[in-house]
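Working notes, structure below.
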Amino acid sequence: MTNQQIFVNLPVKDLPRSRAFFEALGYHFNPEFSNNEGACCVISEHIYAMLLTEPFFKSFTKKPIADAKQTTEVLICLSCESRAQVDELVAKAVAAGGTAPNAKQDHGFMYSHGFEDLDGHVWELVYMVPGATPNA
């Protein structure tokens with residue numbers, strides 16, 4: 001599967017606010033896959049976050065929706081091109097109303113930080129120094 005894509009489906013309480021949050025981070029939305037119930041946030045060529053209103057999200061599962069501000073249902077991790085990009089995205093997220101609940105981590109070969117979006121979903125950001133990963 002050379003062109004495999006990932007669509008992460010996330011329940012959101014306020015779709016217009018969530019759209020504005022991710023637009024403030026520099027992402028855009030695919031209008032072909034967006035409406036009043038959901039919006040397709042384009043993270044990269046092969047990664048998409050489907051922001052779904054809670055009632056619409058509920059139509060896909062019989063399980064209760066986790067309150068991401070109280071529990072952790074998933075940790076989403078995105079690679080970045082530099083340490084500066086990690087810091088920039090966290091700063092944009094905080095400026096747009098998100099939070100950065102954990103301190104950044106610098107392991108030499110890997111630099112990471114993250115944020116929680118408006119609904120409490122955790123987005124980890126990581127920069128891996130090319131050729132610097134420790135040997136197993």
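Quick note: the coordinates plus some simple rules give every number you see, no bench work behind them. Because the structure is a prediction, the values reported are computed rather than measured. A quick note on method: Cβ atoms are made from the backbone with ideal geometry, for glycine too, and the neighbour counts reach across all protein chains shown.
Tabulated results
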quantity: Close pairs from the stretch 40-56: first farther than 16 Å from Y27 by Cα and touching a residue at least 12 places away in the same chain (Cβ under 8 Å), partner surrounded by 20 or more Cβ atoms within 10 Å (Cβ to Cβ) and β-branched (V, I, T), Cβ under 9 Å, at least 6 apart; calculated: L52/V12; T53/V12; E54/V12
quantity: Test result for N35, in a loop (DSSP other than H, G, I, E, B), closer than 24 Å to G97 by Cβ and more than 12 Å from the chain's Cα centre (by Cα); calculated: yes
quantity: Residue match in the stretch 66-76 (condition: closer than 16 Å to N9 by Cβ, assigned to a loop (DSSP other than H, G, I, E, B) and touching an Asp or Glu at 6+ places or on another chain (Cβ under 7 Å)); calculated: yes
quantity: Residue tally, condition over 15 Å from F22 (Cβ atoms) and loosely packed, with under 12 Cβ neighbours inside 10 Å, over the stretch 86-104; calculated: 2
quantity: Residues of the stretch 68-88 classified as in contact with a Gly (Cβ under 7 Å, 6 or more places away or on another chain) and charged (D, E, K, R), total; calculated: 1
quantity: Residues (surrounded by 11 or more Cβ atoms within 10 Å (Cβ to Cβ) and within 10 Å of the chain's Cα centre (by Cα)) located in the stretch 71-85; calculated: I76, C77, L78
quantity: Residue check, F109 surrounded by fewer than 18 Cβ atoms within 10 Å (Cβ to Cβ), of a type in the set (F, W, Y) and free of Cβ contacts under 8 Å to residues at least 60 places away in the same chain; calculated: yes
